[in-house]
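Worksheet: one structure, shown below.
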Amino acid sequence: MLRRNLLLSILLAVAWNHSAAVLKPHVITFGKWIAVKWPDATGKKLLDLKVRPLVVDTRIREYTTGSPHEVTDRLFVVRRAFRVNDALPAENATRWQWQRGGWLLVDRVSGRVSQLNLPEFDPFYSTASWYRDYVAYCGVSEDGKKLYAMVAQVGRRKPVLKKDVGEPEGSDDPDSECPPPAWERSPARVTFQPDDTQKLVFSIKGRVVDVVNDTEDAEE
């Protein structure tokens with residue numbers, strides 16, 4: 001009888017410890033802003049950038065820049081920033097240089113921080129515009145010869161929209177390829193205007209994208 005009670009107590013203790021571990025909340029915060037420098041497209045001019053650490057359970061997981069976007073009450077996204085060693089092989093000392101990266105997906109419940117795969121997203125030129133779990137931006141091909149109107153969705157590998165809109169014409173300044181796309185709701189649609197001669201409007205219906213051909217409707 002004593003052995004049975006002892007075994008039952010051990011099982012209850014294990015179950016309680018397991019439940020406590022599962023229910024333990026993660027504390028996710030941002031640290032203080034830090035003013036840093038990062039290079040323009042030529043690498044010869046240094047630009048101002050503000051970054052701050054993303055802290056999960058008192059540990060710095062990543063550095064970020066800009067404001068986060070709340071996707072759900074559990075998930076949010078934020079732009080990544082990081083340092084890379086710019087030292088040449090002949091240089092003995094490290095030469096840390098700040099860069100902007102892609103976007104991070106943060107899960108408040110699990111504490112997981114993962115990088116989002118945004119097709120054709122250029123960390124220097126692309127400017128992301130978020131609505132719900134959709135993100136719209138102007139993407140640049142790997143060879144730098146094509147500019148795309150892009151819409152991606154969190155959780156999907158393939159983009160919802162990828163349309164060729166010409167050749168990149170950005171300057172040496174960041175975010176100079178095209179303005180942030182503008183979102184509307186009811187119906188959900190997004191407008192791209194990569195230059196003064198183009199205005200492209202797309203309606204988002206679930207995982208289907210329709211081109212809005214009505215000129216008057218697009219101008220409203």
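The values are calculated or read from the model by the stated rules, or taken from the named source; none is laboratory data. Being a predicted model, the structure only gives us computed values, none of them experimental. Positions of Cβ are generated from backbone atoms using ideal geometry, with glycine treated the same way; all protein chains shown enter the neighbour counts.
Some points to look at:
- The criterion of being among the small types (Gly, Ala, Ser), part of a loop (DSSP other than H, G, I, E, B) and on the phi > 0 side of the Ramachandran plot does not hold for Gly66.
- In this structure, Trp103 qualifies as within 29 Å of Lys45 (Cα to Cα) and crowded, with 16+ Cβ neighbours inside 10 Å.
- In the range 129-163, the residue that is surrounded by the most Cβ atoms within 10 Å (Cβ to Cβ) out of those that are closer than 24 Å to Leu75 by Cα and of a type in the set (Phe, Trp, Tyr) is Tyr137.
- Residue check for Val51: aliphatic (A, V, I, L, M) and under 16 Å from Pro123 (Cα atoms): yes
- Condition broken by Ala182, with the remaining ones in (1) under 16 Å from His69 (Cβ atoms); (2) at pLDDT below 95; (3) among the small types (Gly, Ala, Ser); (4) over 14 Å from the mean Cα position of the chain (by Cα) satisfied: (2)
Quick grid of which residues meet (1) in contact with a His (Cβ under 7 Å, 6 or more places away or on another chain); (2) in contact (Cβ under 8 Å) with a residue 12 or more places away in the chain; (3) β-branched (Val, Ile, Thr):
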site	(1), (2), (3)
Thr72	no, yes, yes
Val78	no, yes, yes
Arg83	no, yes, no
Leu88	no, no, no
Thr94	no, no, yes
Gly101	no, yes, no
Lys145	no, yes, no
Tyr148	no, yes, no
Val151	no, yes, yes
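- Any hit, the range 32-41, residues being out of contact with any Lys or Arg (no Cβ under 8 Å at 6 or more places or on another chain) and at pLDDT below 95: yes
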